[in-house]
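Presented below is the structure to which this report refers.
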Amino acid sequence: MKILFVASEAAPYVKTGGLGDVIGALPRALAGRGHDVLVILPRYASIDAQQFGLRDTGRRVEVQFPNLNAGAHIHVHAPAERLRYLFLQNPWYDRRDLYGENGKDYRDNHKRYALLCAGSLEAARQWNFIPNAIHAHDWQGALVPLIVKRGWAGRPSPIRARCVFTIHNLAYQGVFPREAMSELDLPVDLFNPDALEFYGKLNLMKAGLVFAEKLTTVSPTYAREIVQSTETGAGLEGLLRHRQADLTGIMNGVDYERWSPDKDPLIPQRYSAQDLSGKAACKTALQQEVGLDQEPGTMVCATIGGLVHQKGYDVLAEAVPGMMERKVQLVHLGAGDAALEEQFAALATRYPGRVSAQLRFDDGLAHRIEAGADVFVMPSRFEPCGLNQLYSLRYGTLPLVHAVGGLNDSISEGPQGWGFRFQQESPTALLEALDRALVLWRDKRAWRAAQERAMARDHSWDRAAGQYEALYRP
Ligand code: ADP
């Protein structure tokens with residue numbers, strides 16, 4: 001099959017979260033299964049053309065907006081056989097960040113991502129890439145199914161194919177003032193609650209949810225949660241319930257080329273389930289790097305992720321005094337909301353050598369934390385899939401998770417389990433799970449056996465790729 005992907009980020013070129021990991025890995029898994037895959041992304045200023053060997057194709061696409069023609073140069077990179085990434089270059093993408101700055105989204109994001117969607121269909125046609133299926137991702141790619149069905153700027157879509165739309169996180173829907181409808185020249189009949197309207201505003205994610213043939217999200221539990229209530233469905237639960245027959249949960253995989261302790265070039269010493277001595281070395285190095293006391297026998301707990309409400313780090317912060325009483329260490333990596341950043345910085349000051357707050361995005365450190373920590377904590381309020389718990393498993397770092405979404409699907413606790421789960425989103429429940437972890441921790445053999453079970457879990461992409469394949473077929 002020929003499959004066209006449209007998305008806003010992809011590792012290793014540019015990544016802010018799990019979506020980037022998925023768009024970096026799933027196309028490769030599909031190409032490995034014999035499909036031709038074309039992925040189209042914005043060419044952000046931060047993408048280093050030299051580092052990745054991007055080539056200017058000399059070709060351009062034109063996309064018409066009311067009173068405005070936006071064009072994009074097409075750059076290309078072909079990382080594997082049957083796999084190509086095209087990058088659309090336009091000054092709209094030459095900004096300091098991807099989606100916004102200083103906690104504020106860029107105001108013209110609707111135009112920036114309309115250019116991506118309309119431009120992708122045009123670029124695919126120019127490339128003579130006539131897909132059997134188009135796979136669009138999150139609100140940034142959501143106009144693709146609409147354009148395929150209804151056209152763009154008064155003209156029919158340059159290509160037509162079956163559309164699959166994936167929700168990576170329902171919390172980000174691409175909501176814009178009503179005027180954005182006319183700025184994109186979208187058909188006015190679509191401004192109603194059954195289509196694009198969302199409480200008087202334009203909701204771009206709805207374009208994907210209404211017009212794609214198949215909908216997916218990134219874990220079976222999240223697929224069930226998002227139809228349940230306004231809280232979990234973020235106001236789209238009604239529409240999602242209406243489309244439930246076409247909605248599937250497909251668990252994300254892991255790119256084990258990038259995330260395996262036996263071949264990770266970013267960690268100080270490699271190791272495997274057969275010989276975990278390298279993990280001890282990684283732990284010592286991590287404690288040194290992030291300023292934790294050099295105590296090999298102390299449990300190092302870790303968190304990685306943006307400081308946003310979803311991730312539940314406020315609950316973790318409340319649990320920190322209790323964690324300190326239990327004599328564990330904690331390292332956090334990730335920036336975000338100013339108030340939470342201050343809270344974590346204050347905890348690091350209050351507990352020097354015991355709590356470390358690394359308030360930034362740092363891919364290398366993320367790898368070293370996965371390798372060097374003992375327990376990986378994910379107190380997320382909701383978690384569509386979550387990737388770090390899957391990486392942790394492979395690194396023999398036992399996850400301790402709030403049992404929601406993909407965390408519920410991937411982490412099991414018990415005599416034959418490979419992690420720790422809590423049901424109530426509260427510091428007390430988190431600390432109770434930590435107490436159970438500490439019981440296991442004192443029994444070195446049992447801990448080691450749990451690590452081995454964790455490292456043996458297989459979340460390779462091939463299985464997920466097979467499930468997507470079935471949806472691409474009519
Ligand atoms: P989300 O997409 O909601 O952020 P996921 O768990 O699906 O959460 O994916 C997060 C990905 O982003 C992982 O690969 C993780 O390592 C990475 N990541 C998140 N925050 C940071 C950070 N501060 N530094 C480095 N990598 C990060």
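Once the dipole of the range 277-458 is set up with Lys and Arg at +1 and Asp and Glu at -1 on Cβ about the Cα centre, which of Tyr351, Leu316, Met299 lies farthest towards its positive end?
Checked the options; the winner is Met299.
Counting helices only, and only those DSSP H runs with n ≥ 4, report the 222 nm mean residue ellipticity of the chain as the sum of -39,500 (n - 2.57) divided by its residues, in deg cm²/dmol to the nearest 500.
Values: 19 runs with 181 residues, N = 474.
One gets -11000 deg cm²/dmol as the mean residue ellipticity at 222 nm.
One-quarter of the Cα convex hull surface for the range 277-458, in nm²?
Details: hull surface 35.8 nm².
Projected over every direction and averaged, the Cα hull of the range 277-458 covers 9.0 nm².
What per residue convex hull volume, in Å³, comes out for the range 52-161 when only alpha-carbon positions are used? Don't skip to the end; give the middle numbers.
Values: hull volume 13.5 nm³, N = 110.
Each residue corresponds to 123 Å³ of Cα convex hull volume.
Enumerate the helices in the chain for which the Kyte-Doolittle hydropathy averages -1.0 or more and the C-alpha atoms extend at least 15 Å along the helix's axis, using complete DSSP H runs. Walk me through the numbers before you get to the answer.
Values: long enough: 18-32 (21 Å, 0.95); 109-126 (25 Å, -0.44); 277-290 (20 Å, -0.31); 313-325 (18 Å, 0.45); 338-350 (18 Å, 0.28); 427-442 (22 Å, 0.59); 444-456 (18 Å, -1.11); 461-472 (16 Å, -0.81).
Passing helices, by number: 18-32, 109-126, 277-290, 313-325, 338-350, 427-442, 461-472.
At R0 = 22 Å, how high is the FRET efficiency between Ser426 and Glu452 if r is their beta carbon distance? Nearest 0.05 is fine. All intermediate terms of the calculation are to be shown ahead of the outcome.
Numbers: r = 31 Å, r/R0 = 1.42.
Between Ser426 and Glu452 the formula returns 0.10.
Can you list residues whose amide H is under 5 Å from Phe65's amide H, if they're 5+ apart or on another chain and H is modeled 1.01 Å from N?
Distant-sequence amide H within range of Phe65: Ala70.
How would you classify the range 238-368 from its alpha-carbon gyration tensor, with a ≥ b ≥ c the square roots of the eigenvalues: rounded for a/c under 1.5, else prolate if a/b is greater than b/c, otherwise oblate?
Numbers: a/c = 2.25, a/b = 1.22, b/c = 1.84.
Cα axes put the range 238-368 in the oblate bin.
How many lysine pairs in the chain, separated by 8 or more positions in sequence or lying on different chains, have Cα atoms less than 21 Å apart?
Counting lysine pairs in the chain gives 20.
Can you give me the relative contact order of the range 248-332 as a percent, contacts being Cα pairs under 8 Å and 6 or more apart? If you can, show how the numbers build up before the last one.
Numbers: 59 pairs, mean separation 17.3, N = 85.
Relative contact order here is 20 percent.
Over all Cα pairs of the chain, how is the pair count split among 10 Å bins, expressed in % and running from 0 up to the last occupied bin?
All Cα pairs considered, the percentages come to 4, 20, 29, 25, 15, 6, 1.
At what distance in nm do the modelled label points of Arg33 and Thr16 sit from each other, each positioned 7 Å from its Cα along Cα→Cβ?
That separation, rounded to one decimal, is 3.0 nm.
What is the gain in length, in nm to one decimal, between Glu197 and Gln269 on full extension, counting 0.36 nm per residue of separation less the C-alpha to C-alpha distance?
Values: separation 72, 0.36 × 72 = 25.92 nm, distance 5.30 nm.
Value of the extension gain: 20.6 nm.
Could you order peptides 409-418, 206-215 by the average number of other Cβ atoms within 10 Å of their residues, highest first?
On the way: 409-418: 17.3, 206-215: 23.4.
Going by the mean number of other Cβ atoms within 10 Å, highest first, we get 206-215, 409-418.
Put a dot 7 Å past each Cα toward the Cβ at Arg445 and Leu68; how far apart are the dots in nm?
6.9 nm
Carbon-plus-sulfur fraction of the accessible area of the range 277-458, 1.4 Å probe, in percent?
On the way: 3510 of 6720 Å².
Reported share for carbon and sulfur atoms: 52 percent.
Put a dot 7 Å past each Cα toward the Cβ at Asp246 and Lys327; how far apart are the dots in nm?
The answer from the label model is 5.9 nm.
In debye, nearest 20: dipole of the chain around its Cα centre with unit charges on the Cβ of K, R (+) and D, E (-)?
Values: 53 positive and 54 negative charges, 214 e Å.
Magnitude of the dipole: close to 1020 debye.
What whole-number value in Å² describes the accessible area per residue of the chain for a 1.4 Å probe? Don't skip to the end; give the middle numbers.
Details: 18830 Å² over 474 residues.
Here the residues of the chain average 40 Å² of exposed surface.
Name the residue farthest towards the positive end of the dipole of the chain from the options Trp441, Pro220, Leu170, assuming +1 on Cβ of Lys and Arg, -1 on Cβ of Asp and Glu, about the Cα centre.
Working it through, the farthest residue towards the positive pole turns out to be Pro220.
If a/c stays under 1.5 just call it rounded; otherwise compare a/b with b/c (prolate if a/b is bigger, oblate if not). Do that for the range 309-394, with a ≥ b ≥ c from the square roots of the Cα gyration tensor eigenvalues.
Values: a/c = 1.40, a/b = 1.23, b/c = 1.14.
Rounded, since a/c falls under 1.5.
In debye, nearest 20: dipole of the range 398-474 around its Cα centre with unit charges on the Cβ of K, R (+) and D, E (-)? Walk me through the numbers before you get to the answer.
Numbers: 10 positive and 10 negative charges, 58 e Å.
That gives a dipole near 280 debye.
The values are calculated or read from the model by the stated rules, or taken from the named source; none is laboratory data. What you see is a predicted model; the values in this text were computed from it and never measured. All Cβ positions, glycine included, derive from the backbone under ideal geometry; neighbour counts span all protein chains shown. For the accessible areas, the whole protein counts, side chains as well, though only heavy atoms, and no ligand, DNA or RNA atoms are used. Shrake-Rupley method; radii C 1.70, N 1.55, O 1.52, S 1.80 Å.
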